[in-house]
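Any read-out appearing in this document is the output of simple, stated calculations on the displayed coordinates, not a laboratory observation. Given the structure is predicted, the values throughout are model-derived calculations rather than measurements. Cβ coordinates were reconstructed from backbone atoms using ideal geometry, including for glycine residues, and neighbour counts include every protein chain displayed.
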Amino acid sequence: MFPPISRRLAALLCAVGAVLLVSRPLAAQPTPDPWRLSADKIDPSHYYGVTVANGMLGIVSSPVPFQVKNVVLAGAYDQYGRGRVSNFLNSFNLLNMYLEVDGRRLGAQDASNFRQQLDMKGASLTTSFDYGDKATISYTYYALRHLPFTVLMDVSITAKKDLALTAASVMETPDALRDAQNYYNEIDRPHATLSLLTSSAKSPTGKLTLCASNSFLFEEPHGQEPRIIHEMWDNNMHLMKFSKTLKAGQTYAYAVAGSSITSAHHPDPLNEAERLTIFARLEGRKRLLEFHQKAWQDLWASDIQIAGDAQAQQDVHSMLYHLYSFSRAGTDYSPSPMGLSGLGYNGHVFWDSDLWMYPALLVLHPDIAKSLVEYRFNRLDLARRNAFEHGYKGAMYPWESADTGVEETPVWALSGPFEHHITACVGLAAWQYYCVTQDKDWLREKGWPILQATADFWASRVERNGSGHYDIKNVVASDEWAENVDNDAFTNAAAQANLRAAAAAAKLLGRPANADWALVAQNIPILKMPDGVTKEHATYHGEGIKQGDANLLAFPLGTITDPSQIRKDLAYYETRVPNEGTPAMTQAIFALLYARLGDGAKAQHFFQDAYTPNLLPPFRVIAETKGGTNPYFATGAGGVLQAVLMGFGGLDITPLGITQRKTTLPSGWQSVKITGVGPGRKTYSVSR
């Protein structure tokens, strides 16, 4: 024990030490770029690619020079592999290349200073590296936004000393495809020679024909372009190549434009792939990039701008970029949980699109959101048939859906026959589209048929066991660890919301509403525990939950509005989500609700917990679970974006349109500005 003077001396020495420690310069951390994700220390064994996509065609990056991992086309499904259900297909990889310098083919071991950068604003990925003391090389590829089936790759080579190069574009048939046919054509025109490298193949069962074609774009005047040589290696691979000599200091640039399309998209995909490639070739690189950049500029008019948290700004831009990349206006396609980032979940469409991704798209780009509802409308007849097969009325949407709209859940998964809340999610998405757009013609033509059929389903689905006991028994809850339970909180409340939305639509349109809808809605029970916490389902006893269920009654359903009840439910269920093995969705709802309750510290905590433990190198792509390795989880991105838009930004989708409510920013944030909201392209802001 120190005597008094020694204690004071010790305190003084500690204070001096603290001052010296604080004064010691710290290594400056670079401020995250709001629009660019850069990777300059790439470990190929821990590399999770980033996707460049245009809502129809997705290109997934690779750490290998001049390679891309895969090319995925929306809407291209066939049955193969496990499960006897439809699966996404990899299309032809029409951007794979190789480069030879002085007769040596470059491999990954030859590349130094290897760096990749995703430009989210312009939707492109650039790779650059050095080849010893001979050359600096870069290439950039784009999934052209204005041309849904077309891609472009720019290549630039700067010689450090005199060298000879050979560049090849390689077309290889993916393993799952069969009966490949390879073609090479040269079409002479007065101002160009069009060299077309083309392949077609059948999907595993022969259901689809998949085709791809590409062409070199040179900057030299016609007649001075390099001579192109075609080589057929085997039935599954062929290439075209050219050679060039460069002087030290000289930079040479060329490009590859190509198109990939299937018989799911066009009745004559082989000829159409070549026509689209010729179109791109004769448009020329400059015009292609101008139109692409203009299309993305228009998309980014709807943006989220964050002051006070540079890393959150970059991450939110990445989430928006991926949702924009995975969806497209003017289609009837709806994104799967992994979007166009690969073959995850077989490319199937779940509630992930209707409840998690759709609201952010609806608020920022109603034209894109319309495609997701169109997907459901065009498959309404199959949903009616599904209800009929299960002994119900109306329409019962499948838990997993692909191209046709039949149930695509593998038979070993109980969610197929029992996870019925998907039907309410579809109905509510249709109602929300009207709420945001106020488009009564659309409601009459497409929204009403969905709402009427889904409401009729619930009226037939309940078991009428007396007043207040119109039970919905034997379901898989939205917390999917709860299988074959009765009166699941989310299922019951979503059914109520679906029934009431159908009645509201009938009133707006002057249609006679089914009087049974209101009766059923008011008698579906929402269960409580003895302490007043909303009970997840009839036999719930406090076990861990896979994902949000009871808390979804506060948002997005709005069934529970009392702040004290919302707090009570949050306090209970936030402790029952395990740290690992659960999807990145639930914590985003916690963040949203705490922001609306005025708790900025908890909003910040759950905002971070919703996605940062799920990030994978080198591009901060989101995995489905903490410690998971299956990016890109667009569902999680959709949930976090709702936390920002509807939580921190206070936006509300109401029957009268989009409104703004009082809310709280996460700790550390100074402001949020949301631009291009709704049909009126309005701006909303929240500041401290």
Worksheet item: So is Tyr397 part of a helix (DSSP H, G or I) and touching a helix residue (DSSP H, G or I) at 6+ places or on another chain (Cβ under 7 Å) or not?
Response: no
Practice prompt. State which residue pairs qualify: first residue closer than 12 Å to Tyr333 by Cβ and inside segment 72-89, second residue of a type in the set (Phe, Trp, Tyr) and outside any strand (DSSP E or B) in any location, beta carbons under 6 Å apart, and separation of 6 or more residues or different chains.
Written response: Ala74/Tyr333; Gly75/Tyr333
Worksheet item: Inside segment 429-470, can you point out the residues that are more than 26 Å from the chain's Cα centre (by Cα), buried (at least 23 other Cβ atoms within 10 Å of the Cβ) and small (Gly, Ala, Ser)?
Response: Ala453, Ala455
Response to the item:
Reported set for segment 512-559 where residues are under 14 Å from Ser478 (Cα atoms), in contact with a Phe, Trp or Tyr (Cβ under 6 Å, 6 or more places away or on another chain) and surrounded by fewer than 22 Cβ atoms within 10 Å (Cβ to Cβ) is Lys546
Practice prompt. Tell me which residues, restricted to segment 560-580, are surrounded by 15 or more Cβ atoms within 10 Å (Cβ to Cβ), more than 28 Å from the chain's Cα centre (by Cα) and not aliphatic (A, V, I, L, M).
Written response: Gln565, Arg567, Lys568, Asp569, Tyr572
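I'm trying to understand the selection: among the residues of segment 76-102, which are assigned to a strand (DSSP E or B) and crowded, with 18+ Cβ neighbours inside 10 Å? Before the answer, list the steps.
Here is the first cut: in segment 76-102, the ones assigned to a strand (DSSP E or B) are 76-79, 86-90, 97-101.
Those that are assigned to a strand (DSSP E or B) and crowded, with 18+ Cβ neighbours inside 10 Å: Ala76, Tyr77, Asp78, Ser86, Asn87, Phe88, Leu89, Asn90, Met97, Leu99, Val101.
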Fill in: Conditions (1) among the charged types (D, E, K, R); (2) more than 17 Å from Phe242 (Cα to Cα); (3) touching a residue at least 40 places away in the same chain (Cβ under 8 Å); (4) part of a strand (DSSP E or B): number failed by Asp188
(3)
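Within segment 43-58, which residues are more than 13 Å from the chain's Cα centre (by Cα) and crowded, with 18+ Cβ neighbours inside 10 Å?
Quick first cut of segment 43-58, residues more than 13 Å from the chain's Cα centre (by Cα) only: 43-49.
Once the filter is applied, which keeps residues that are more than 13 Å from the chain's Cα centre (by Cα) and crowded, with 18+ Cβ neighbours inside 10 Å, segment 43-58 yields Tyr47, Tyr48, Gly49.
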Discussion item. Looking only at segment 457-498, filter to residues that are aliphatic (A, V, I, L, M) and touching a His at 6+ places or on another chain (Cβ under 7 Å); which one of those is farthest from Trp351 (Cα to Cα)?
Written reply: Val485
Worksheet item: What are the pairs, 6+ residues apart or on separate chains, where a residue within segment 312-330 that is free of Cβ contacts under 8 Å to residues at least 40 places away in the same chain has its Cβ under 7 Å from a residue that is acidic (Asp, Glu) and surrounded by fewer than 24 Cβ atoms within 10 Å (Cβ to Cβ)?
Response: none
Response to the item:
Only one of Leu282, Leu343, Leu270 is touching a Cys at 6+ places or on another chain (Cβ under 8 Å) and surrounded by fewer than 21 Cβ atoms within 10 Å (Cβ to Cβ), namely Leu270
Practice prompt. Could you list all residues from segment 659-673 that are more than 26 Å from Ala310 (Cβ to Cβ) and either among the hydroxyl-bearing types (Ser, Thr, Tyr) or touching a strand residue (DSSP E or B) at 6+ places or on another chain (Cβ under 6 Å) (or both)?
Written response: Thr659, Arg661
Discussion item. All but one of (1) within 30 Å of Asp439 (Cβ to Cβ); (2) touching a Phe, Trp or Tyr at 6+ places or on another chain (Cβ under 7 Å); (3) touching a residue at least 60 places away in the same chain (Cβ under 8 Å); (4) surrounded by fewer than 18 Cβ atoms within 10 Å (Cβ to Cβ) hold for Gln660; state the number of the condition that does not hold.
Written reply: (3)
Item to complete: Of the numbered conditions (1) within 27 Å of Pro679 (Cβ to Cβ); (2) touching a residue at least 12 places away in the same chain (Cβ under 8 Å); (3) not basic (Lys, Arg), Gly394 fails exactly one; give the number of that condition.
Response: (1)
